[in-house]
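Okay, structure first, notes after.
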Amino acid sequence: MVIFGFCFYLCDREKVFCLASEADRLSNVPGWLMILDYYTLLTWHPDYERMTCKIWSYREAPYTDAQKAWVAVSVLRNQRALNA
């Protein structure tokens with residue numbers, strides 16, 4: 001299992017895909033990838049299945065329409081061997 005916790009927002013945008021590629025290289029097949037960070041739609045890949053995604057607001061109210069306040073935990077399963 002590879003876990004990312006609130007680190008992507010600290011990285012240069014150009015480096016985020018390099019980090020994701022390295023996590024993919026390190027994960028077992030089948031393996032798990034967990035991301036806790038500000039919510040993004042960039043958790044899709046044909047070799048991964050999203051097992052769960054929990055979204056909430058880091059502000060006082062648990063739910064808001066302000067997307068910049070959204071935080072998410074996404075758990076992805078590496079299915080690369082099954083897709084080959």
Of the residues in segment 5-29, those that are touching a Leu at 6+ places or on another chain (Cβ under 7 Å) and either closer than 21 Å to GLN79 by Cβ or assigned to a strand (DSSP E or B) (or both) come to GLY5, ALA23, SER27
Members of segment 31-58 found to be exposed (fewer than 13 other Cβ atoms within 10 Å of the Cβ) and in a loop (DSSP other than H, G, I, E, B), listed by number: LEU41, LEU42, TRP44, PRO46, TYR58
Take segment 39-55 and flag every residue that is out of contact with any strand residue (DSSP E or B) (no Cβ under 6 Å at 6 or more places or on another chain) and within 17 Å of VAL73 (Cβ to Cβ). THR40, LEU41, LEU42, TRP44
Among the residues of segment 61-83, is any of a type in the set (Val, Ile, Thr), under 16 Å from the mean Cα position of the chain (by Cα) and modelled with pLDDT under 85? no
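The values are calculated or read from the model by the stated rules, or taken from the named source; none is laboratory data. Since the structure is predicted, the reported quantities are computational estimates derived from the model, not experimental observations. A quick note on method: Cβ atoms are made from the backbone with ideal geometry, for glycine too, and the neighbour counts reach across all protein chains shown.
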